[in-house]
Amino acid sequence: MTIAIEVDNLEKVFKGKREVRALDGVSFAVQEGTVFGLLGPNGSGKTTAVRVLTTILRPDLGSARVLGNDVVKKAALVRSLIGLAGQYAAVDENLTGRENLQMVGKLNHLPNSFVATRAVELLDQFNLTEAGDRPLKTYSGGMRRRLDLAAALVARPTVLFLDEPTTGLDPQSRNDLWEVIEQLVGGGTTVLLTTQYLEEADRLASTLAVLDHGKVIAEGTSESLKADLGATVLEVGLPTIDDARRTGTVLDGLGPHVALVNGTLVEVTVDNGPQAAMVALRSLDAEGIVPTTFNLREPSLDDVFLSLTGHRTESEEPDEDDNLSPRQQRRKKRLADLEKALPVQTGEYA
Amino acid sequence: MTTAVVAPTVSGAPHSAGLASKARWLVSDTLTLTKRNLLAVTRIPEALFFSTVQPIMFVLLFRYVFGGAINTGPVPYVDYLLPGIFVQTVAFGSVSTSIGLAEDLQKGIIERFRALPMSRGAVLLGRTTADLVRNVFVVIIMTVVGLLVGFRPTEGLASFLAGIGLILLFAYALSWFFAIVGLSAPNSETAQVMSFPLVFPLTFISAAFVPVGSMPSWMQGFATYQPFSVTISACRSLMVGPASTGTGRSTTFWVVQSLAWTIGLLIVFIPMAIRRYRTRT
């Protein structure tokens, strides 16, 4: 396997009122023909990494190569090899779908005849043929994202960068877009995807790097990341918070990490689910604790993030709940409700 | 989504680095973006319509309301007024360069351009060129309006067209200044409010509407020789004769001054705008 994207100790500091170290020594490598996920909350440096790799931004330190070409020294060449679709759907409002694709084709210096056929082809592939000659003002959010992705594909790039491609989309549109991306990858394109949706990274990416405050805090396949954490999560619901705390103490020794007590819910990751479940039930019985719910489940990437950073995959801006997945939102609310009710520490590994 | 997505296999753009091919792509990319910017104008015809309504109102206001009270000596006021209106109109038109660029930055389309293998200079050139074409259109409308309210150029067609050309060149130079404003503004609304305080005093403390001689003496020097006035006087001389400026200067004097300002503005602001574009992240 050849390496399509190689990132070597990238650093980028934004100077302003508050100095922001957006990239703090980031390194990773992406195999050709695979999907690589950059996972992290808002402000973790994902977009900055993409902007450096797509030649939009110069790094302060370190280097990056796309298909062996340095993104600073051979920027022009890199630009002709890549496609970029961003979270803000950078398409022109005043043009029609077709005009947008044709403009991007021409700016890619492709022959007019090729551009015209390619536009027809892409509109068809992305279910936009009917809307192709309507101005973008009439498009829905999902249609815009599809057109944005189509625009990134006009020049048939071998490496595709998708910066939070589904942020802000409704579940149906998100699913549609996931299918499109999966089909692209099936055809051999290398994709670097950034996301704050754990579900998305889990579904699309074969290899992941988890970013936090400009640093890669974990790298590997989503399976290996989950394996490091423990194979299974044991989730026990209890009638009272007091019971939950006692249960936390009882279950602490079960897995590689301590038990997480979150209100009336206790989570512990374990290597062998059924065996641990039996031990857990016996110990709880011995203590006279009766759980209300008892579940074994696959660990999610959310669990991975929490165990790696000690904090959840929350954005730093509290008002951006819309960007969180439903699961994150539920967790966040649960946590907030609890913190109101209970001044003692919750939500962190005790 | 049911249709299969064919995977990309070959990469597009062939790239040669020769100077001639670079120049060719710069022209081609500039034309592509000029067309894109002009298409946007035709898609929102209201914007173009209302941008001509204001200068037309100025013509009517000064021609019929204030004009009677303004003494322009031997020249009819309407002939004095129109060259001033032309310059005012194209100067306000140049502000759209700042608004357009700020909007493109805000909407993220410039991010896409930066990641494309296109000529670096084409974004700014395409924007200023489109605004120049837009100004040509607006000047034609204002000429028609002028003729309707009694404006009668006396120096012949060639001289009239030379005046129009001078104004358009000057407006093009201003566009580069407003490009810097647009690239520095956080959004298009701010770009607009940042631009007007710069245009407004230069338009009104000038020879555009009233003879400078009627202003307080401390203001006259600035009002006569600032770039807007110089261009207005050049245009006035070319369209209705040098006597109309009331300055005793020749047509050549004003034309040379105006061209000097235009070239000076271009030399200073083009590199500044390009640098601002490069460093703006």
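FYI, it's all coordinate maths here, none of it is from the lab. Bear in mind the structure is a predicted one, so any value in this text is a computation, not a measurement. Using ideal geometry, Cβ is built from the backbone for each residue, glycine included, and neighbour counts are taken over all protein chains shown.
Principal-axis analysis of the Cα atoms of chain B puts helix B:45-60 at an angle of about 10° to the longest axis.
The tail of the calculated P(r) for the protein assembly as shown beyond 43 Å holds 40 percent of all Cα-Cα pairs. From least to most packed, judged by other beta carbons within 10 angstrom and beginning with the fewest, B:LEU198, A:LEU193, B:LEU174, A:LEU136 follow the order B:LEU198, A:LEU136, A:LEU193, B:LEU174.
In terms of the Cα gyration tensor, with a ≥ b ≥ c the square roots of its eigenvalues, is the range A:64-185 rounded because a/c is under 1.5, prolate because a/b exceeds b/c, or oblate?
Oblate is the answer for the range A:64-185, as a/c is 1.5 or above yet b/c matches or exceeds a/b.
Taking the DSSP beta bridges in chain A as the whole, what percent of them are antiparallel, to the nearest 5? The antiparallel proportion sits near 65 percent. The convex hull defined by the C-alpha atoms of chain B has an orientation-averaged projected area of 18.7 nm². Taking the Cα-to-Cβ direction at A:GLU32 and at A:VAL120 and moving 7 Å from each Cα, how far apart do the two end points lie in nm? Calculated label separation equals 3.2 nm.
Computed from phi, the 3J(HN,Hα) profile of the range B:244-257 under the Karplus parametrisation 6.51, -1.76, 1.60 (θ = phi - 60°) reads 5, 6, x, 10, x, 8, 7, 4, 4, 3, 6, 4, 4, 4 Hz, with x in place of Gly and Pro.
Applying 1/(1 + (r/R0)^6) with r as the Cβ-Cβ distance of B:LEU157 and A:SER140 and R0 = 41 angstrom yields a FRET efficiency of 0.20.
Quick check on the range A:170-279: take the gyration tensor over C-alpha atoms, sort the square-rooted eigenvalues as a ≥ b ≥ c, and tell me if it's rounded (a/c under 1.5), prolate or oblate. Judged from the Cα gyration tensor, the range A:170-279 comes out prolate (a/c at least 1.5, a/b above b/c).
Take the Cα of A:GLU287, step 7 Å toward its Cβ, do the same at A:SER63, and the gap between the two points is 5.6 nm.
Too long at a 27 Å Cα-Cα cut-off: which of A:LYS15/A:LYS226; A:LYS46/A:LYS73; A:LYS12/A:LYS73? Where the Cα-Cα span goes over 27 Å, the pairs concerned are A:LYS15/A:LYS226. For A:LEU67, the residues whose modelled amide H falls within less than 5 Å of its own, excluding neighbours fewer than 5 places apart on the same chain, are A:ILE5, A:GLU6. Neighbouring Cβ atoms from other chains, within 10 Å of the Cβ of residues in A:148-161, number 3 on average.
Taking 7 Å steps out from each Cα toward its Cβ at A:SER206 and A:ALA231 produces label points 2.4 nm apart.
Cβ crowding within 10 Å ranks A:ILE241, A:ILE181, A:ILE3, B:ILE109 as A:ILE3, A:ILE241, B:ILE109, A:ILE181, fewest other Cβ atoms first. For the range B:160-281, pairs of C-alpha atoms spaced more than 19 angstrom apart make up 53 percent of the total. In terms of packing, defined here as the mean over residues of other Cβ atoms within 10 angstrom, the peptides A:121-132, A:43-54, A:208-219, A:91-102 line up highest first as A:43-54, A:91-102, A:208-219, A:121-132. If a/c stays under 1.5 just call it rounded; otherwise compare a/b with b/c (prolate if a/b is bigger, oblate if not). Do that for the range A:18-81, with a ≥ b ≥ c from the square roots of the Cα gyration tensor eigenvalues. Oblate.
Taking Cα atoms, how many degrees apart are the long axis of helix B:19-43 and the longest axis of chain B, rounded to 10 and kept between 0 and 90? Approximately 70 degrees, to the nearest ten. Among A:GLU179, B:GLU111, A:GLU6, A:GLU200, the ranking by other beta carbons within 10 Å of each residue's beta carbon, starting with the fewest, stands as A:GLU179, A:GLU6, B:GLU111, A:GLU200.
At full extension, B:THR279 and B:VAL136 could sit 48.3 nm farther apart than now, given 0.36 nm per residue minus the alpha carbon distance.
Extension gain B:ARG249-B:PHE204, at 0.36 nm per residue separation less the Cα-Cα distance, in nm?
Values: separation 45, 0.36 × 45 = 16.20 nm, distance 2.15 nm.
Computed gain between B:ARG249 and B:PHE204 is 14.1 nm.
Toward the positive end of the charge dipole of the range B:11-85, with +1 on the Cβ of Lys and Arg and -1 on the Cβ of Asp and Glu, the farthest Cα among B:LEU38, B:PHE62, B:PRO74 is that of B:LEU38. For the peptides B:129-140, B:236-247, residues were scored by their other Cβ atoms within 10 Å and the scores averaged per peptide; the highest-first order is B:236-247, B:129-140.
Helical content of chain A, expressed as a calculated mean residue ellipticity at 222 nm, amounts to -12000 deg cm²/dmol (DSSP H runs of 4 or more residues, -39,500 (n - 2.57) each, divided by residue number, nearest 500).
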